[in-house]
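Below you'll find the structure, written out as structure tokens, and then a few comments.
The values are calculated or read from the model by the stated rules, or taken from the named source; none is laboratory data. No experiment lies behind these values; they were computed from the predicted model shown. Because the Cβ atoms are built from the backbone with ideal geometry, glycine has one as well, and the counts that use them run over all protein chains shown. Only protein heavy atoms, including side chains, enter the accessible area calculation; ligands, DNA and RNA are left aside. Shrake-Rupley method; radii C 1.70, N 1.55, O 1.52, S 1.80 Å.
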Amino acid sequence: MTGEFVPLPALDELDEAACASALAPLFEGAPRFLARLAAARPFGDEATLFEQAREIAHAMPEADQVELIDAHPRLGAPPGSVSSLSFREQGYDQEAADEAAEAERARVQAELERLNDAYEDRFGFRCCVFVAGRPRAALLPELQATLAADRHAELHRALDAVVDIAADRYRKLAASA
């Protein structure tokens with residue numbers, strides 16, 4: 001994945017491979033999805049980019065949808081295993097180092113691992129949630145609730161979360177560029 005942000009309309013001017021590479025950090029990779037998205041240009045504007053992304057994500061074969069969802073790290077994944085964007089989104093850069101906070105982190109981490117395992121066993125893909133800087137403990141009820149969902153509905157929700165995450169990342173990167 002490239003580390004350099006490429007804004008619109010410059011994305012529209014790149015060749016397909018370069019465009020896919022430039023979009024990769026927004027979607028955590030997922031090469032089959034990125035190839036489709038790059039081929040769908042020109043976007044012209046941010047709204048069209050993410051409308052196209054959502055349409056493509058929902059229209060792909062299920063195996064490619066799962067690849068897109070699974071490109072994202074598990075909720076609560078070890079800090080060293082996530083991209084720099086996920087690192088900030090999952091709140092690792094803001095955690096306190098005192099003993100009480102460490103004990104709570106360990107409890108939340110264990111519960112996230114248990115729920116992630118149950119989710120992946122039930123649905124066959126990772127749980128993808130638009131974290132948006134919320135503490136990991138705040139994700140536990142949401143992850144627990146997803147376990148009662150219908151698989152088709154959950155696949156749809158997870159694909160929407162992937163696109164919502166990418167749109168949020170794009171806006172933040174555009175604002176800081």
Completion exercise
For segment 119-177, the per residue accessible area (1.4 Å probe, Å²) is 46 Å²
Handout entry: the chain: calculated mean residue ellipticity at 222 nm from DSSP helix runs of at least 4, using -39500 (n - 2.57)
Key = -20500 deg cm²/dmol
Handout entry: Max mean-square fluctuation residue, GNM over the chain, Cα-Cα springs under 10 Å, options 164, 64, 150
Key = 150
Practice task
Would you calculate the separation in nanometres between label points at residue 101 and residue 84, each defined as 7 Å from the Cα along the Cα-to-beta-carbon direction?
Solution key: 2.3 nm
Practice task
Would you mind putting 26-34, 101-109 in packing order, based on average other-beta-carbon counts within 10 Å, highest first?
Solution key: 26-34, 101-109
Completion exercise
Taking segment 23-151, the whole-percent share of alpha-carbon pairs separated by over 25 angstrom is 33 percent
Handout entry: the chain - percent relative contact order, Cα under 8 Å, separation 6 or more
Key = 25 percent
Fill in the blank from the handout: Taking Rh as the Kirkwood radius computed over alpha-carbon pairs of segment 128-171 and applying Stokes-Einstein at 10 °C with viscosity 1.306 mPa s, one gets a diffusion coefficient in µm² s⁻¹ of 142 µm²/s
Completion exercise
Here FRET efficiency (C-beta to C-beta, residue 151 to residue 40, R₀ 22 Å, nearest 0.05) is 0.25
Fill in the blank from the handout: Rounded to two decimals, the Debye log10 I(q)/I(0) of segment 1-71 (Cα scatterers, no solvent) at q = 0.12, 0.18, 0.20, 0.28 Å⁻¹ is -0.27, -0.61, -0.76, -1.40
